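Taking it in order: structure first as structure tokens, then the write-up.
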Amino acid sequence: MNSAPAESVLNALYRAENVRELDKQCIDLHHIPGYTLMERAATFALRCLEEEWPTCRAIIVLCGAGNNAGDGYLLAGLAKAKGWQVTCLFLVDPETLSGDAQTAFEFACEQGVRCERYTAQAWTATMGQSSQGVVVDALLGIGLKRVVQSLFAEAITACNQATWPCLALDMPSGLAANTGQVLGVAMQAALTTSFIGKKLGLYTGQGRTYCGKIRFSTLDAPSAVYETIPRAATCLDLETLLNKVSPRKPTAHKGHFGHSLLVGGNVGFGGAIILAAQAAARIGSGLISVATHPEHYPALLQRQPELMPKPIESPPNIKPLLAVANAVAVGPGLGQNAWAEHLALMVTRANAPCIVDADALNLLARNDEIKQAIGTHKHGVIITPHPGEAARLLNVQTHEIEHDRLWAVQALADQYKATVLLKGSGSLIADPSGEVSLCPYGNAGMASGGMGDVLTGLICGLVAQRGAMQLDLRQCVELAACLHSRAADIIAITEGQIGLLAGDLTPVIRQLFNRLI
């Protein structure tokens, strides 16, 4: 397996049924035996295991049924041939296996692998035979659709409580391949080897919590098989996005980079609008106006004199600002009183692209006039909900959003005719075209107040200068999301996740943006 897969293949994320179709086309149309693909998967997984745990010479392979079990039995046989201590504990009688999986089991037996039925006693006894090793998860694979129960749940729980790390083959058992949701209980893998096509569930929802590191191989599938199979989403790459940004010309002036207008900061909520405005400035917007409650005017001038704050006592006073803005963001610290509602309505009726976030999303969910303004907007609307806000916008429960984030982001884009950024682990971006992209960056340190305000400011600042950069609205959202999360990753690596503040991101984003373009 020496050929390098095309970048388009590496960035493609698939549903389980699409991956099965990729596998089928390899076999039916390109005449690659299924057992050959299984051998390639086992060989790749064993190599990954050796590279991740170079001193490991003992493994326990937990085997279920089907091809996932076949991969496990083959890996067991290959490891045994190298002189490793190998035990397969099966939860499905190998005598019921058929086809390639049965052949793989026979290979393991020929190599002298000890195979016995999984019981709590067998598990404990096998673990006690070596002080260290790796558990290989070949239980359920990508086809799981119902809650894990009985013996499978017991085995997964036992593995999660063990001191040995876990290598998952294709998908941590118990994790839904299409959504990244835990179906009852899921295997906590330290490393997941993914085959043929990358599964969406590894990259969004709870996937990133359970998959550990991800290593991927196409198993040398012909490039032609990827040309006709639809992808569920595209995994974004920051460097690729930045390569699309046109560099600034030496003769450029501030008028070339747009006028951003940030609207928010109700009484007692001035920090959010300051964070958003500073982010718009640091990402390069030529001019930044801030429409906020009068009590925050002095703080804005003191904190960032380059900004142009405008005290808005009465909402109609915002009209002159709306008339000159190239992009308007509403929501950070906006509140939900009459003052906020009137401002949100005026912004969504403006003749400029608008970004709707935070409190403005809650107003959108309940105000029919704002919904109508969004629905008839001709200059582009971007909405940036977290799962709770998304649930209110779709009139469902939050757990329904998290159960299927792909459905949620597409439903939002369709219902509101907007570009949507559904925030969370593995943030998703969609627009009415139906295409979905995923931001692969970010970490748990971002779970602190103000992060969304910085992201809103970045989007607004990029949209305002999109003409100079030669980017469309969607690309601005994708770039903002990736810069935001990648900056958080850089800080987490150098300083740690705990105590990461939203304001910490802005200088790192500026450095990252300038260095990479």
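The values are calculated or read from the model by the stated rules, or taken from the named source; none is laboratory data. No experiment lies behind these values; they were computed from the predicted model shown. No Cβ is skipped: glycine too gets one built from the backbone with ideal geometry, and neighbour counts run over all protein chains shown. Remember, those area values only see protein heavy atoms, side chains included, never the ligands or the DNA or RNA. Shrake-Rupley method; radii C 1.70, N 1.55, O 1.52, S 1.80 Å.
Things to note:
- Filtered residues of segment 141-187 (kept if closer than 20 Å to I59 by Cα, of a type in the set (S, T, N, Q) and surrounded by fewer than 21 Cβ atoms within 10 Å (Cβ to Cβ)): T157, N160, Q161, T163
- Put simply, of G112, G128 the only residue that is more than 36 Å from the chain's Cα centre (by Cα), surrounded by fewer than 16 Cβ atoms within 10 Å (Cβ to Cβ), on the phi > 0 side of the Ramachandran plot and not aromatic (F, W, Y) is G112.
- Every listed requirement among (1) open to solvent by 10 Å² or more (accessible area, probe 1.4 Å); (2) touching a helix residue (DSSP H, G or I) at 6+ places or on another chain (Cβ under 9 Å) is met by V328 save one, (1).
- Where helices (runs of 4 or more DSSP H) fall wholly inside segment 1-118, the ranges with 1 or more residues that are in contact with a Phe, Trp or Tyr (Cβ under 6 Å, 6 or more places away or on another chain) are 7-10, 34-52, 66-81, 99-110.
- Filtering segment 201-212 for residues that are under 15 Å from A138 (Cα atoms) and of a type in the set (G, A, S) leaves an empty set.
- Residues that are assigned to a strand (DSSP E or B) and open to solvent by less than 10 Å² (accessible area, probe 1.4 Å) were ranked within segment 417-427; the one that is farthest from C476 (Cα to Cα) is L422.
- Top-ranked residue in segment 195-231 [being of a type in the set (A, V, I, L, M), within 19 Å of the chain's Cα centre (by Cα) and buried (at least 21 other Cβ atoms within 10 Å of the Cβ); ranked as farthest from T157 (Cα to Cα)]: L200
- A single member of G467, G496, G434, G503 is farther than 27 Å from A391 by Cα, more than 16 Å from the chain's Cα centre (by Cα) and at pLDDT below 95, and it is G467.
- Filtered residue count, segment 96-109, keeping only those that are open to solvent by 30 Å² or more (accessible area, probe 1.4 Å) and under 13 Å from V86 (Cα atoms): 1
- Residues satisfying the stated conditions in segment 157-176, i.e. of a type outside the set (S, T, Y), touching an Asp or Glu at 6+ places or on another chain (Cβ under 8 Å) and closer than 17 Å to V92 by Cβ: C159, L169, D170
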